[in-house]
Structure formats: C-alpha cells, structure tokens
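A short reminder: the numbers here are calculations on the coordinates, not readings from a lab. A quick note: this is a predicted structure, and the numbers were derived from the prediction, not measured. In this analysis, Cβ positions are derived from the backbone assuming ideal geometry, glycine residues included, and neighbour counts consider all displayed protein chains.
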Amino acid sequence: MTILHIDSSILGGYSVSRSLSADIVARQQTLHPGSKIIYRDLVVDDALHLSDRHMAVFQGGAVTDPALGADLAAGGAYIDELFAADTIVIGAPMYNFSVPSQLKAWIDRVCVAGRTFQYGANGAEGLLPKGKKVFIASTRGGVYTGDSPTALLEHHETYLKGVLGFIGLTDVTIVRAEGLNLGDESKAAAIAKAKAEIALLAA
C-alpha cells in the first residue's frame, strides 16, 4: 500500500488542513500497517506556474534553462507518484473561494493529455488506474454548504472533485472543517467533527 500525502496550506504549524491530512494518513496507516508514504509539501516543493516556456518544450522545443528542466522533471515525478499511489490524501484549504495557487500549479502539472487523460470518441477519459482512493482534508473560514448565502462562491471542493474525476480519480471522500473564522467555538466544533469523521474512516 502506497499513500501519497499532499499539503498545500501556507500556514505551516497553524494549518488546520495540514493537521487533518496528517490525521487521515495516520488513520490509513492504522488500517494498512506497513504502508509506504510519499509526502509532497507544495509550499516547500512548489512547482512553477505554467508558462510559454513550458508550452514551447511541450511542443518539441529544447530545454535551455536548467531551472525549467528541473521543474519539468518535478512535474513528471508528480504524475509518477499518482500512478504509484493506492491512496491519495490532499490537504486543501480554501483561498479566495478556490484552492491555493500551489495546489493549482500541481494540478496543472498532473493533468497532461496522453498521460493522465485522453480524448476519444466519447469525450475525455481519465487514464489513472481504477481503484485508487482520494481523501481531501477541506478547510474553510466561512460556511459554503447547505443554504448558506455564500454557497455560490464555492469553487473549492467542486473543482477538486471535478478535476480529479477528469483524470480518473472518482472515489473521493471529503473530510470538511468549515466556519473556522467564525469564532473559537465554531472552529473547535468544526475541527472536532472532522476528527471524529477521520476516526471512523473504513479501509
């Protein structure tokens, strides 16, 4: 069993998503003793944003910049890690109604035609093997579920589920803690609820 653990919060030790993603990984290790962990901290190990230089190489151009070459190699490693993993755990806080730019940069590097998806007669088809599980530790300062007036601004979990499904990752479980900026009581209750859900996760 191989677990790919990805964090994207810029808050370091103050991050709730990092705490919850670590708890999910620990729970998976309990359920699957001896699991191998691949860890990616996308704040420390951040990918470059896609650029015209990337596109030139994708179209067959030469790699003349060592930094670009290293970044392209890192992008290839991201994809290899996805294929190698049986379970993927993603710490994903909401920033400005969507995912952190660090996580978006990772997504841009793993959504590659011919590697993780392809277009056929029936449209897009994800190329990652079936059976992989994804757990998302979702954290939000406000409330974006149910009949919340801000629900229309939620481009966070819906985006993640959509883009992961696009490349073939359809078994997605979301562990959510929202309302974290609505006072200490709301924050404590949201975290406790999320941790209780993690403790009940099945194999």
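Equivalent ellipsoid of region 66-147: semi-axes from √(5λ) of the C-alpha gyration tensor, largest first, are 25, 19, 14 Å.
The length gained by stretching the chain between Ala67 and Asp147 to full extension, at 0.36 nm per residue less their Cα-Cα distance, is 24.1 nm.
On full extension, the segment bounded by Gln29 and Leu200 gains 60.2 nm, given 0.36 nm per residue less the C-alpha separation. Only beta bridges with both residues in region 55-172 are counted; by DSSP, about 35 percent of them are antiparallel. Kirkwood radius, region 132-194, all distinct C-alpha pairs, inverse of mean reciprocal distance: 12.6 Å.
Relative to the longest principal axis of the Cα atoms of the chain, the long axis of helix 184-199 makes an angle of roughly 70 degrees. Add +1 for every Lys or Arg and -1 for every Asp or Glu among the other residues with Cβ under 13 Å from the Cβ of Asn96, and state the total. Value of the local net charge: +1.
In this simple spin-label approximation, Asp86 and Val163 carry label points 7 Å from Cα along the Cα→Cβ vector, and these lie 2.7 nm apart. Proximity of backbone amide H atoms, modeled 1.01 Å from N, is registered between Ile37 and Ile3 at under 5 Å, excluding neighbours fewer than 5 places apart on the same chain.
Restriction of the chymotrypsin sites (Phe, Trp or Tyr not before Pro) in region 106-173 to DSSP coil positions whose beta-carbon has at most 16 other beta-carbons within 10 angstrom yields no sites.
Sorted largest first, the spans of the alpha carbon positions of region 30-79 along the three principal axes are 46, 21, 16 Å. Taking all C-alpha pairs of region 1-68, those more than 20 Å from each other amount to 50 percent.
Taking label points 7 Å from Cα along the Cα-to-Cβ direction, Ala192 and Asn122 give a separation of 4.7 nm.
So what does the Cα-only Debye profile of region 24-123 read at q = 0.18, 0.21 Å⁻¹, as log10 I(q)/I(0), no solvent term? Calculated log10 I(q)/I(0) at the listed q: -1.01, -1.20. In order along region 85-96, the Karplus-derived 3J(HN,Hα) couplings, from 6.51 cos²θ - 1.76 cosθ + 1.60 at θ = phi - 60°, round to 7, 8, 9, 10, 10, 10, x, 9, x, 8, 10, 6 Hz, and Gly and Pro are given as x. Enclosing the Cα atoms of the chain in their convex hull gives a volume equal to 137 cubic angstrom per residue. Taken over the alpha carbons of region 97-182 as equal point scatterers, the Debye sum produces base-10 log I(q)/I(0) values at 0.18, 0.19, 0.23, 0.24 Å⁻¹ of -0.85, -0.91, -1.15, -1.21.
Equivalent-ellipsoid semi-axes for region 59-110 (Cα gyration tensor, √(5λ), whole Å, largest first): 25, 16, 8. Compared with the dominant Cα axis of the chain, that is its longest principal axis, helix 157-166 is turned about 40°.
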